[in-house]
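Nothing in this text is a laboratory measurement; each read-out follows from the coordinates by a stated rule. Since this is a predicted model, take the numbers as computed values, not measurements. Counting neighbours? That spans all protein chains shown, and the Cβs are built from the backbone with ideal geometry, glycine included.
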Amino acid sequence: MLPEIQIFKTETPKAKPADESTLGFGKTFSDHMFMIEYDEGQGWHDARIVPYGPIPLYPAAPVLHYAQEIFEGLKAYRRADGNGIQLFRPEENAKRMNNSAERMCMPTLDVAYQVAAMKALVELEKEWVPHRPGTSLYLRPTMIATGNELGVHPSKHYLYYIICAPSGAYYKNGMAPVRIRIEDRYV
């Protein structure tokens with residue numbers, strides 16, 4: 001059974017972006033984030049929504065040495081008919097997160113629970129969802145290997161968290177072509 005989500009509200013809310021036409025992508029973050037921890041033998045525990053802030057890590061955390069980390073992304077946006085806020089395919093997002101976790105030898109987290117966490121966070125942060133067409137509240141679910149151990153093996157400790165960023169277009173000029181280089185020598 002997964003834990004109930006505790007909510008700890010910030011005492012110092014940030015100012016919301018005044019001009020939604022200049023949001024950009026991933027530069028401003030909302031007041032809160034969701035977090036839940038995993039320990040081998042205990043499972044997932046300590047689910048909470050807390051003020052957005054730094055995450056303490058040991059210098060030997062496996063995420064830093066072996067890149068044992070996964071993330072997804074999805075959007076919450078205001079409905080065109082004005083009837084609330086909607087997440088774009090959160091169940092599919094959670095399933096992709098679990099597929100990545102299995103490939104990376106990381107623990108999965110129940111799909112319905114991930115969606116419930118997203119919804120709880122968006123409900124708390126609903127004033128951060130932009131109003132301007134083409135904008136959204138971007139959610140970034142992430143899982144990292146924590147703990148304090150070196151060695152090439154799956155970690156015994158993980159942190160799953162979700163942060164939110166009011167965002168406009170990912171690319172400054174919209175979907176105009178982006179120059180990229182394709183490397184075919186080093187894979």
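Using Cβ point charges alone (K and R +1, D and E -1), the dipole size of the range 1-105 about the Cα centre works out to roughly 420 debye.
Sequence-ordered 3J(HN,Hα) estimates for the range 28-39 from the Karplus curve with 6.51, -1.76 and 1.60 and θ = phi - 60° stand at 10, 10, 6, 6, 10, 9, 8, 9, 8, 10, 10, 10 Hz, glycine and proline given as x.
For the range 1-55 versus the range 105-159, the inter-centroid distance based on Cα atoms is 9 Å.
Roughly how tilted is helix 90-103, in degrees to the nearest 10 and between 0 and 90, from the longest Cα axis of the chain? The helix 90-103 is inclined about 30 degrees to the chain. Amide hydrogen proximity for MET33: with H placed 1.01 Å from N in the peptide plane, the residues at 5 or more positions away or on another chain lying under 5 Å are VAL50, TYR52.
Helical runs assigned H by DSSP (4 residues or longer) give the chain a calculated mean residue ellipticity at 222 nm of -5500 deg cm²/dmol, each run adding -39500 (n - 2.57) before division by the residue total. Highest mobility in the GNM of the chain, judged by mean-square fluctuation with C-alpha springs under 10 Å and restricted to SER136, SER21, SER30, is found for SER21.
Taking the DSSP beta bridges with both ends in the chain, the antiparallel portion is around 95 percent. Our summary gives the range 39-187 a relative contact order of 29 percent, counting only alpha carbon pairs under 8 angstrom and 6 or more residues apart. Magnitude of the charge dipole for the range 61-164, about its Cα centre and with charges confined to Cβ atoms of Lys, Arg (+1) and Asp, Glu (-1), is about 280 debye. Counted over all Cα-Cα pairs of the range 1-85, pairs farther apart than 14 Å make up 79 percent. Relative to the longest principal axis of the Cα atoms of the chain, helix 111-124 runs at roughly 40 degrees.
The dipole here belongs to the chain: it is taken about the Cα centre, uses +1 on the Cβ of Lys and Arg and -1 on the Cβ of Asp and Glu, and is about 800 debye.
The amide H of LYS75, built 1.01 Å from its N in the peptide plane, has PHE88, LEU139 as neighbours under 5 Å, considering only residues 5 or more places off or on other chains.
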